[in-house]
Amino acid sequence: MSFSIEGKTAIVTGAANGVGLAIARHFAQRGANVMFADMDETRLCKEVGEIREDGNMRYFAGDLRERLTLANLLSATLDAYDRVDILVNGSRQMTATDPLDVEDTSVDALLGQNLMTALRLSQVVARRMIKQAGDQPEGQIGAIVNLSSIAARRTHPDLLAYSVSCAALDQMTRSLAVSLAPHRIRVNALAFGSVMSASLKAALKDHGEYREDIESHTPLGRIASPGELAEAVQFLASEGANFMTGQIMTIDGGRTLLDPVAAPAH
């Protein structure tokens, strides 16, 4: 059974920083052709560096909440590599919510970015995967991996919008998995706990006490590195997971095994 993604073409969204960037770099280092996609063009240019025409990294910047931008992202990928085999929906945002503020628009905003962007891009990419498969008689023709969070199953009132968007993303993963299974496209999600992402680094800078709180409520006693998540995403995208679809794989150091706690779900 192979976990190799060498020679595959992957689109990774949210690839300008944090977990998305770690996944995109990890894929490129393991021989995949990778389209780094994000809204932040300045950060993308800085992280991807100089692009060689014969290299295996490209970047695409644009507002991924717009349907036309998603179509252009796919076109740019096909222009560079002729096909797409893997989609990692890593474009996500987390903001605090005031549950009693009727003017708070964070639920709409996070459902738009964390759920609808992933759904629409999955639809666009799945159509291409089906088309490019042609008469391929058997085997996987594509894999989609969504980045979710254990917040979908935990209760933290200040993260209402984020939790709702992640729960919706989990259900979307299951629904798409069933819909795309006849086309031999697998859809899974990775729900993670605390990882040393850009947002958590910023939170720890302002609230140093968060680290002890998080670590004390994580059985393995530490915060995950983005690279550890990248390894798990590679597994879900590879032939090693050929009989997995519609699954929400958890990587949280055992945190969800404990009773709900007040620790922030970064």
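Of the listed requirements (1) without any contact (Cβ under 8 Å) to a residue 12 or more places away in the chain; (2) under 17 Å from PRO226 (Cβ atoms); (3) of a type in the set (D, E, K, R), ASP79 misses just one: (2). Before we move on, is LEU110 out of contact with any strand residue (DSSP E or B) (no Cβ under 6 Å at 6 or more places or on another chain), part of a helix (DSSP H, G or I), surrounded by 20 or more Cβ atoms within 10 Å (Cβ to Cβ) and of a type outside the set (D, E, K, R)? Here the answer is yes, as LEU110 does meet what is asked. Restricting the range 202-224 to residues that are farther than 18 Å from ASN17 by Cα and surrounded by 15 or more Cβ atoms within 10 Å (Cβ to Cβ) leaves a set whose member that is modelled with the lowest pLDDT is TYR210.
For ALA32, the requirement of being of a type outside the set (Lys, Arg), closer than 20 Å to LEU200 by Cβ and at pLDDT 95 or above is not met. Just name the residue that is nearest to HIS156 (Cα to Cα) out of those in the range 67-97 that are assigned to a loop (DSSP other than H, G, I, E, B) and modelled with pLDDT of 95 or more. Among residues in the range 67-97 that are assigned to a loop (DSSP other than H, G, I, E, B) and modelled with pLDDT of 95 or more, the one nearest to HIS156 (Cα to Cα) is GLY90.
Of the residues in the range 8-25, at least one is of a type outside the set (S, T, N, Q) and more than 15 Å from the chain's Cα centre (by Cα). For the range 246-258, check the following and say yes or no: at least one residue is part of a helix (DSSP H, G or I), at pLDDT 95 or above and within 19 Å of the chain's Cα centre (by Cα). No, because not a single residue in the range 246-258 is part of a helix (DSSP H, G or I), at pLDDT 95 or above and within 19 Å of the chain's Cα centre (by Cα). Assess whether SER199 counts as being within 21 Å of ALA15 (Cα to Cα) and surrounded by fewer than 19 Cβ atoms within 10 Å (Cβ to Cβ). Spelling it out, SER199 is indeed within 21 Å of ALA15 (Cα to Cα) and surrounded by fewer than 19 Cβ atoms within 10 Å (Cβ to Cβ). Go through the residues of the range 152-171 one by one and say whether even a single one is of a type in the set (Asp, Glu) and at pLDDT 95 or above. Yes, the range 152-171 contains a residue that is of a type in the set (Asp, Glu) and at pLDDT 95 or above. With respect to being closer than 17 Å to VAL88 by Cα and in contact (Cβ under 8 Å) with a residue 60 or more places away in the chain, SER238 fits the description. Looking only at the range 6-63, count how many residues are of a type outside the set (D, E, K, R), part of a loop (DSSP other than H, G, I, E, B) and touching a residue at least 12 places away in the same chain (Cβ under 8 Å). Total satisfying the criteria: 10. The set of residues from the range 169-185 being surrounded by fewer than 24 Cβ atoms within 10 Å (Cβ to Cβ), within 16 Å of the chain's Cα centre (by Cα) and not aliphatic (A, V, I, L, M) comprises ASP170, GLN171, ARG174. At least 1 residues being touching a Phe, Trp or Tyr at 6+ places or on another chain (Cβ under 7 Å), closer than 30 Å to GLU103 by Cα and in contact (Cβ under 8 Å) with a residue 60 or more places away in the chain is the threshold, and among the helices (runs of 4 or more DSSP H) wholly inside the range 116-220 those reaching it are 198-206.
For the range 230-245, the set of residues classified as surrounded by fewer than 17 Cβ atoms within 10 Å (Cβ to Cβ) and in contact with a Leu (Cβ under 8 Å, 6 or more places away or on another chain) consists of MET244 only.
The values are calculated or read from the model by the stated rules, or taken from the named source; none is laboratory data. Just so you know, these numbers come straight off a predicted model, no measurement behind them. Note that each Cβ is placed from the backbone with ideal geometry, even for glycine, and that neighbours are counted across all protein chains shown.
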